Amino acid sequence: MSQKYQAAAKDDLIWHDLDSMMLLFHRPSGITHMLADPAPAIIEVMEDAPLTAAEIASRLTVLFDVEAGTDAEDIILARLEELSALGLVTRVSG
């Protein structure tokens, strides 16, 4: 079974566009993060459900002109690990 990730609760995040970047304030930590694509899109498509990198890739292909596949999943997995280190997503079991 693939690792699943869950985004921080929507009420814990405040979004602000900044040109090509996204500022994301995480209320519980009090830290503002500067995110570049595809990180903001990944968090947005996760909604409140724990998802695998493959499930996130599938959701992104519906919204954006990207091809699903191993490369997309690898890129998403790398971003998920970075977001996890920042506390913006959490690895979940099950």
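Just so it is clear, none of the values below were taken in a lab; they were calculated from the coordinates. Everything numeric in this text was worked out from a predicted model, so none of it was measured. Cβ coordinates were reconstructed from backbone atoms using ideal geometry, including for glycine residues, and neighbour counts include every protein chain displayed.
Charge tally around Arg27: other residues with Cβ under 10 Å, Lys/Arg +1 each, Asp/Glu -1 each, net -2.
Summing charges over neighbours of Thr52, with a neighbour being any other residue whose Cβ is under 9 Å away from its Cβ, gives -1 when K and R count +1 and D and E count -1. Approximating the spin labels as points 7 Å out from Cα along Cα→Cβ, the Gln3-to-Leu18 distance works out to 2.7 nm.
The GluC sites (Glu not before Pro) of the chain that meet both conditions, a loop assignment by DSSP and at most 15 other Cβ atoms within 10 Å of the site Cβ, are Glu47, Glu67. Scanning residues 5 or more positions from Gly87 or on other chains, none has an amide H under 5 Å from its amide H, with H placed 1.01 Å from N in the peptide plane. Among the chymotrypsin sites (Phe, Trp or Tyr not before Pro) within region 1-68, those in coil by DSSP and having at most 11 neighbouring Cβ atoms inside 10 Å are Phe64.
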